[in-house]
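**Student:** Dropping a structure here in structure tokens format, bear with me for questions.
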Amino acid sequence: MGRRALKKFVQAQRAAGRKVVFTNGCFDILHAGHVSVLEFSRSKGDVLVVGINSDDSVRRLKGPTRPVNPQGDRALVLAALESVSAVCIFEEDTPYNLIKLLQPDVLVKGGDYKPSEIVGREFAKKVVRFALLKGRSTTNIIKKVSK
């Protein structure tokens, strides 16, 4: 969804009394760690909105060989998951503007972030950290298949 459509979607969900949860990431090669954080995030509310970094944003954050999968494919795969209600691609390096726009009831971020490092925390009613699954990362998968 584009930002305008997403804002209307979130407003409609809130009007219906539903709790909106937001999380974000690159979600380059979907793995068990991603699925775990998405299911955990959804368990914290009724509607899960996922922000994904655009291809240009991923390149800036992860380097010139990333992403492996283009943003349209990544968004399609995430949107197909039962736990995910909506997906929005953001061009910036962080989802700050998207979180500010949506003002989620719950913001979920990985436990590798200190609470003070969580971007957009001031716009969420509640911030929850998720304990990452050890050894599960896209970078590790790429290293393994590159051997």
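Read-outs throughout are calculated quantities, based only on the coordinates presented, and are distinct from any laboratory measurement. The structure displayed is predicted, hence computed values, not measured ones. We place every Cβ from the backbone using ideal geometry, glycine too, and count neighbours over all the protein chains shown.
**Student:** Please compare each pair in Lys100/Lys126; Lys62/Lys125; Lys19/Lys109; Lys100/Lys125; Lys7/Lys62; Lys8/Lys114 to a cut-off of 21 Å on the Cα-Cα distance and tell me which ones are over it.
**Tutor:** Lys62/Lys125; Lys7/Lys62; Lys8/Lys114
**Student:** Using helices alone, what [θ] at 222 nm do you get for the chain, with -39,500 (n - 2.57) per DSSP H run of 4 or more residues, divided over all residues and rounded to the nearest 500?
**Tutor:** So the helix-based figure for the chain works out to -11500 deg cm²/dmol.
**Student:** Let me ask you something else. Using alpha carbon coordinates only, what is the Rg to Rh ratio of the stretch 3-131, with Rh defined as the Kirkwood radius?
**Tutor:** Rg divided by Rh gives 0.93.
**Student:** Using the per-residue mean of other Cβ atoms lying within 10 Å as a proxy for protection, in what order, highest first, do the peptides 33-39, 117-123, 14-20 fall?
**Tutor:** 33-39, 117-123, 14-20
**Student:** Here's a follow-up. If each residue of separation counts as 0.36 nm, what is the full-extension length gain between Lys7 and Glu91 once their alpha-carbon separation is subtracted?
**Tutor:** My answer for the length gained is 28.6 nm.
**Student:** Please turn the phi angles of the stretch 115-120 into ³J(HN,Hα) values with the Karplus equation 6.51 cos²θ - 1.76 cosθ + 1.60 (θ = phi - 60°), one per residue in order, whole Hz, x for glycine and proline.
**Tutor:** Listing the rounded values in order: x, 6, 8, 7, 5, x Hz.
**Student:** Please list, ordered by chain and number, the residues whose modelled amide H lies under 5 Å from the amide H of Ile89; skip anything fewer than 5 residues away on the same chain.
**Tutor:** Placed amide hydrogens put Ile52 under 5 Å from Ile89.
**Student:** Between rounded, prolate and oblate, where does the stretch 1-64 land on the alpha carbon gyration tensor, with a ≥ b ≥ c its root eigenvalues, rounded for a/c under 1.5, else prolate if a/b exceeds b/c?
**Tutor:** Oblate shape, in that a/c is at least 1.5 and b/c is the bigger or equal ratio.
**Student:** In whole Å, what is the distance between the alpha-carbon centres of the stretch 1-41 and the stretch 82-135?
**Tutor:** Cα centroid of the stretch 1-41 versus Cα centroid of the stretch 82-135: 9 Å apart.
**Student:** Would you mind checking which residues have amide H under 5 Å from Phe130's amide H? H placed 1.01 Å from N; only 5 or more apart, or other chain.
**Tutor:** When sequence neighbours closer than 5 places are left aside, the close amide H contacts are Lys109, Gly110, Gly111.
**Student:** Residue separation times 0.36 nm, minus the C-alpha to C-alpha distance between Val68 and Phe123: what's the value?
**Tutor:** 16.7 nm
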